[in-house]
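The values are calculated or read from the model by the stated rules, or taken from the named source; none is laboratory data. The structure presented is a predicted model; accordingly, all values stated were derived computationally and were not measured. Positions of Cβ are backbone-derived with ideal geometry, glycine not excepted, and every protein chain shown enters the neighbour counts. Keep in mind that these areas ignore ligands, DNA and RNA; they rest on the heavy atoms of the full protein, side chains included. Shrake-Rupley method; radii C 1.70, N 1.55, O 1.52, S 1.80 Å.
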Amino acid sequence: MSIRNVEASCAIVISLSFVLLLDATFITIREVDFKTNDDYAKIFITLRNGTGHLRGNTMVDIDAIIYQNVSDGLLVRLHLKTKMRTKYVVMFESSVDVCSLDNAETDDLLINMMVSEMEKHGNMSISCPFNSGNYMVRNFHIDTKNKLIKFAPPGEHSVAIDLRHKAKEGAIAIPVFDMEFFASIVQ
């Protein structure tokens, strides 16, 4: 093999490596704030570093004990926010009564993303009926190839999940749990 061919091969390998590095995206969760209504649930969250091909990503484990059955009025609100200078600005916001859906899917990309990602990693789903029992999610992480995540620029972001129960029409929606994940997208 001539010197020129070796140089060309090295240039191709270096170029491909550079392209792969540029395409590498990591989501690191720095903090989780959460509150639960002890009449409805008890939730435990563990954060840990990813390994192997998920190195750089934060893995989330969730253990939940749900005390009450909910068969109507399960209101889910999600916010995807990005940090602009010193405060977070809402990029996407979704709100849906999952008990009013004909099936588990909605037209809402943000809700669908969260539900499908959670279902991949455990037995917890945000759907009706939401039965009492023990639920868990293991090795949860946001897929960086997800359409919605591709819209999010590198930087600091938060994802807030608010779950409320409105037992009757006209009743006040009672908080079940609120979670907010603070994360960095690094490319």
Counted residues, segment 160-171 - those being at pLDDT 85 or above and of a type in the set (A, V, I, L, M): 3
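One line per residue, one yes/no per condition, for (1) touching a Ser or Thr at 6+ places or on another chain (Cβ under 7 Å); (2) farther than 21 Å from VAL90 by Cα; (3) among the small types (Gly, Ala, Ser); (4) at pLDDT below 80:
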position	(1), (2), (3), (4)
VAL115	yes, no, no, yes
SER132	no, yes, yes, no
TYR135	no, yes, no, no
ILE142	no, no, no, yes
LYS147	no, no, no, yes
SER158	no, no, yes, no
ALA173	no, yes, yes, no
Counting only residues that are over 15 Å from VAL70 (Cβ atoms) and either assigned to a loop (DSSP other than H, G, I, E, B) or among the aromatic types (Phe, Trp, Tyr) (or both), segment 149-168 contains a total of 4
Give me the residue from segment 33-59 that is modelled with pLDDT under 85 and surrounded by 17 or more Cβ atoms within 10 Å (Cβ to Cβ) and, out of that set, nearest to GLY133 (Cα to Cα). MET59
Leading residue by the ranking (modelled with the lowest pLDDT) among those in segment 118-130 that are open to solvent by less than 70 Å² (accessible area, probe 1.4 Å), over 21 Å from GLY170 (Cα atoms) and part of a loop (DSSP other than H, G, I, E, B): ILE126
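Taking segment 65-117 as the search range and keeping residues that are in a helix (DSSP H, G or I) and more than 20 Å from the chain's Cα centre (by Cα), which one is surrounded by the most Cβ atoms within 10 Å (Cβ to Cβ)?
So, considering only residues that are in a helix (DSSP H, G or I) and more than 20 Å from the chain's Cα centre (by Cα), the one surrounded by the most Cβ atoms within 10 Å (Cβ to Cβ) is CYS99.
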